[in-house]
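The structure under discussion appears below in the form of structure tokens.
Quick note: the coordinates plus some simple rules give every number you see, no bench work behind them. Remember, predicted model here, so these are calculated numbers, not experimental data. For neighbour counting, all protein chains shown are included, and Cβ atoms are generated from backbone atoms with ideal geometry for every residue, glycine included.
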């Protein structure tokens, strides 16, 4: 068994692969680490280009676009490694980025996953939207980060230099212990893309494991490499998957009330899009709610799986507040101001 496998899931990302794969290979390959590109049925020649230019990189052709969740589940089932590092194709790694992540998992057997400091490739002094300095979640399922709340991203001035436990690690760059991945069931294929890593990390917590932020590891994320941030499909996935996330993982006593309140928030979001004339975004939210309702049966099965995890951790790193009210009504725009 290899110690670490850095796995890049690719879908028509030839430009990103050409831009960043060389750096990944340069700063990651050693006797204990391999780099893999798992191709989700690309039509842009990505697989051939990798084989022609990086013959030592393992290429897995997955045949079709299985989404982020399905693609990684299929790819990792074909790799025998102690640790997996899920890495987006639009991420630039830096010298020494991998060792702190691996050391974190080596030193703490109860840590299932960890993430590096994720900063913006285009504005390198700032954190990046998708992960920043570690992810959290509020009482109604709204996700945010140390360094990013909603669309407001903080400049990195050393305010998050401490290694801490977090609620979720970003799928843009996340190191995962294979044993924990297997026991927790991997990513949920129903999510397709977006929030599947948060769902996985919630299951880690429910099983009594930890998720950590490792500030000594640094990567730069371009963002929106596979799906633009403002796309209607992304809006649909985010709203639908957030409901999936809550339904699967909330305890019985909180489930009904939380889902009801979250749907009210979603209605307000749809009304805002309507006022802005973004009718298609309204339609995306309506479709998200309809498809969530239609998928209740499948999610009941997933919910039963979560309830059967071997050890239930009742103390989760939630923010026991509404980040919507804190941000928009109280003007608390930074992570530290929420505490």
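At-a-glance table
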read-out	value
Principal-axis tilt of helix 296-307 within the chain, Cα atoms, nearest 10 degrees	70
Rounded, prolate or oblate (a/c below 1.5 giving rounded, otherwise prolate when a/b exceeds b/c) for region 183-287 by Cα gyration tensor	oblate
Extension gain from residue 82 to residue 43, taking 0.36 nm per residue of separation minus the Cα-Cα distance	10.9 nm
Crossing angle, helix 98-107 versus the chain [Cα axis fit, 0-90 degrees, rounded to tens]	70
Order of 293, 4, 23 under a 10 Å beta carbon neighbour criterion, fewest first	293, 23, 4
Cα gyration tensor category, rounded, prolate or oblate, for region 116-194 with a/c compared to 1.5	prolate
Per-residue [θ]222 nm for the chain (sum of -39500 (n - 2.57) over DSSP H runs n ≥ 4, rounded to 500)	-12500 deg cm²/dmol
Fully extended contour minus Cα-Cα distance, from residue 64 to residue 264, at 0.36 nm per residue	68.3 nm
Region 2-221 - share of DSSP beta bridges that are antiparallel (%, nearest 5)	45
Label-point separation in nm, residue 53 to residue 254, each point 7 Å along Cα→Cβ	4.6
Percentage relative contact order, the chain, counting C-alpha pairs under 8 Å, at least six apart	19
Label point distance in nm, residue 23-residue 318, each placed 7 Å from Cα along Cα→Cβ	3.9
With Cα atoms, 0 to 90° folded angle of helix 14-28 axis to the chain main axis	70
Zero-based 5 Å bins, Cα pair distances in region 2-221, whole percents	1, 7, 16, 21, 21, 18, 11, 4, 1, 0
Overall form of region 60-125 per C-alpha gyration tensor (a/c, 1.5; a/b vs b/c)	oblate
